[in-house]
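A short write-up of the structure that comes next.
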Amino acid sequence: GRAAAARTQWMRLVVRTIATMLRSPASSAPIGQPRAPSNSISAAPRATVHPLGGFHVIFGTGKFFEYDDQTNLDVQSIYGLWDKPGNTSPIDKAGTYQLGLDQATDANNIVQRTLDGLANFSWQIHSGWYFDLVAKNQPPAGERVVANPVVDLGYLRITSFQPSVVDDPCEGGGSSYF
């Protein structure tokens, strides 16, 4: 009945929003230049109840299915979008807030990452947030999201994968960040 119709309408909005985001210009590209075709969503988006009402939809871009994916260095991103109650329009990337990704390696050679810019983020102003999977002052290395995000006890856990760039994809290898 009504619940099924509401879920169908909500899923259509999510699909339209994600499609709009992926067609939007990349933040580092000139205005009007389309995003790379490799900015696919291959892991299922995760939706949770947003504390201000509506839903918080979280997803990452990237794929690792085709032969060329092994050496693809296109910049991928992680998004968190607020599907506000009563909203029927897709969320445009211009209405979201870009966070930065800082990376440091400690004395034990353990890489630690933090998000930069959280203090300036406001749900009153922005329809969501995103960050590119490239740490500041680092070149793109092909990092992407290929596993489903998990929200547990209010915490987001998302794992990314950065394949080793080799000529033979059968060699395997790579790094993951959690």
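The values are calculated or read from the model by the stated rules, or taken from the named source; none is laboratory data. Since this is a predicted model, take the numbers as computed values, not measurements. Cβ sites come from the backbone with ideal geometry, for glycine too, and all protein chains shown count toward neighbours. For the accessible areas, the whole protein counts, side chains as well, though only heavy atoms, and no ligand, DNA or RNA atoms are used. Shrake-Rupley method; radii C 1.70, N 1.55, O 1.52, S 1.80 Å.
Among the residues of region 123-131, is any within 15 Å of ASP69 (Cβ to Cβ), modelled with pLDDT of 90 or more and either open to solvent by less than 70 Å² (accessible area, probe 1.4 Å) or not hydrophobic (A, V, I, L, M, F, W, C) (or both)?
Checked region 123-131: no residue is within 15 Å of ASP69 (Cβ to Cβ), modelled with pLDDT of 90 or more and either open to solvent by less than 70 Å² (accessible area, probe 1.4 Å) or not hydrophobic (A, V, I, L, M, F, W, C) (or both).
When GLN162 is evaluated against the numbered criteria (1) touching a residue at least 40 places away in the same chain (Cβ under 8 Å); (2) open to solvent by less than 80 Å² (accessible area, probe 1.4 Å), which criterion, by number, is the only one it fails?
Every condition holds for GLN162 apart from (1).
So TYR79 fits all but one of (1) surrounded by 19 or more Cβ atoms within 10 Å (Cβ to Cβ); (2) part of a loop (DSSP other than H, G, I, E, B); what number is the exception?
(2)
Restricting attention to region 148-157, and to residues there that are assigned to a loop (DSSP other than H, G, I, E, B) and modelled with pLDDT under 90, which single residue is nearest to the chain's Cα centre (by Cα)?
Restricting to residues being assigned to a loop (DSSP other than H, G, I, E, B) and modelled with pLDDT under 90, the top hit is GLY154.
Can you give me the number of residues within region 56-82 that are under 16 Å from ARG157 (Cα atoms) and among the aromatic types (Phe, Trp, Tyr)?
Number of matching residues: 2.
Tell me the residue from ASN148, ASN120, ASN109 that is open to solvent by 30 Å² or more (accessible area, probe 1.4 Å) and closer than 14 Å to GLY60 by Cα, please.
ASN148
In this structure, is ALA104 among the hydrophobic types (A, V, I, L, M, F, W, C) and either out of contact with any strand residue (DSSP E or B) (no Cβ under 6 Å at 6 or more places or on another chain) or in a loop (DSSP other than H, G, I, E, B) (or both)?
No, not satisfied.
Can you pull out every residue in region 165-178 that is within 14 Å of the chain's Cα centre (by Cα) and either surrounded by 10 or more Cβ atoms within 10 Å (Cβ to Cβ) or at pLDDT 85 or above (or both)?
Answer for region 165-178, where residues must be within 14 Å of the chain's Cα centre (by Cα) and either surrounded by 10 or more Cβ atoms within 10 Å (Cβ to Cβ) or at pLDDT 85 or above (or both): just TYR177.
Quick check on region 91-106: of everything there that is within 15 Å of the chain's Cα centre (by Cα) and hydroxyl-bearing (Ser, Thr, Tyr), which residue is least open to solvent (accessible area, probe 1.4 Å)?
Looking at residues that are within 15 Å of the chain's Cα centre (by Cα) and hydroxyl-bearing (Ser, Thr, Tyr), I get THR96.
Pairs please, first residue from region 42-67 and closer than 27 Å to PRO85 by Cα and outside any loop (DSSP other than H, G, I, E, B), second anywhere and open to solvent by 50 Å² or more (accessible area, probe 1.4 Å) and of a type in the set (D, E, K, R), Cβ atoms under 8 Å, 6+ apart in sequence or on different chains.
Once the first residue is closer than 27 Å to PRO85 by Cα and outside any loop (DSSP other than H, G, I, E, B) and sits in region 42-67, its partners that are open to solvent by 50 Å² or more (accessible area, probe 1.4 Å) and of a type in the set (D, E, K, R) give VAL57/ARG46; ILE58/ARG46; PHE59/ARG46.
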